[in-house]
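> Sending over a structure as structure tokens; questions will come in a sec.
The values are calculated or read from the model by the stated rules, or taken from the named source; none is laboratory data. Here the structure is a predicted model, which is why all the values come from computation and not from measurement. Neighbour counts are summed over all protein chains in view; Cβ atoms, including those assigned to glycine, are modelled from backbone coordinates with ideal geometry.
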Amino acid sequence: LSYYVETSASSTVELVTEMFLFYNMDVEIDKLIASIMLAGIVVDTNNFTYRTRTRTFEAASTLNTMGADMVLVRKLLRDSYEEERRIASAMVNVEIFENKFAIVAQSEDEIVPDRTTLAKISDKLLTIDGIETGFSIGKLPDGLVAISARSMDAVNVQIIMEELQGGGHFNAAATQLKDTTISEAKEMLIQ
């Protein structure tokens, strides 16, 4: 029994791919499996933006050598029309604070299907020039109000979400609040 821990790795897929090379394993992987593994790296690094290091690119290159197809990866990661419409609709309601913080608050009566949708909205906010941190707030099907937070590199959103009883990482964090309205959650976030 052995353990392989590398806290700076982007993903489990990166570690597994490194083990193929480290142990000189003559591993053959189906092209679909190699593409799915590459998709895991793409998702975990947000398109090679976060937690990306030289070894991340080496792992991606190894998977490419094993037959991973980036076009297939893009197809696997596409959103439905409804999801894209929901994200585009949310972007219309962006409020910008101090020229670097963007917040999208869904309406009180709208139900967001899941936390992933809020995360995608927060990620999308970071594509706006000058925005360092994006927050999206919405009501989930279970009645909880969720806040998703994303940042480029200047703001530690983990600390902000911990103040609201949530958690996460430096660049990606979230919280869920009981017995709270979206406007109350937005005010707590701004404070």
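> Would segment 149-167 turn up any residue that is of a type outside the set (S, T, N, Q) and closer than 21 Å to Ser89 by Cα?
yes
> Something else now. Pairs only if they're at least six apart or on different chains, beta carbon under 7 angstrom, first in segment 74-101 and on the phi > 0 side of the Ramachandran plot, second among the small types (Gly, Ala, Ser) and loosely packed, with under 15 Cβ neighbours inside 10 Å; list them, first residue then second.
From residues that are on the phi > 0 side of the Ramachandran plot, the pairs are Asn99/Gly130.
> Follow-up. Could you list all residues from segment 162-180 that are over 15 Å from the mean Cα position of the chain (by Cα) and among the hydrophobic types (A, V, I, L, M, F, W, C)? Give the derivation first.
Filtering segment 162-180 for residues over 15 Å from the mean Cα position of the chain (by Cα) gives 162-166, 176-180.
Within segment 162-180, Leu164, Leu177 qualify.
> Please list, ordered by first then second residue, the pairs with beta carbon atoms under 9 Å, 6 or more apart or interchain, first in segment 46-57 and within 20 Å of Arg74 (Cβ to Cβ), second assigned to a loop (DSSP other than H, G, I, E, B) and of a type in the set (D, E, K, R).
Tyr50/Asp153
> Please go through segment 42-76 and pick out each residue that is under 26 Å from Ser151 (Cβ atoms), crowded, with 16+ Cβ neighbours inside 10 Å and not acidic (Asp, Glu). Explain how you work it out, then say what you get.
Filtering segment 42-76 down to residues under 26 Å from Ser151 (Cβ atoms) leaves 42-57, 59-60, 73-74.
Filter again for crowded, with 16+ Cβ neighbours inside 10 Å, leaving 42, 44-46, 50-52, 55-56, 59-60, 73.
Scanning segment 42-76 gives Val42, Thr45, Asn46, Tyr50, Arg51, Thr52, Arg55, Thr56, Ala59, Ala60, Val73.
> In addition: I need the full set of residues from segment 92-105 which are modelled with pLDDT of 95 or more and farther than 19 Å from Asn171 by Cα, in order please.
Scanning segment 92-105 gives Val94, Glu95, Ala105.
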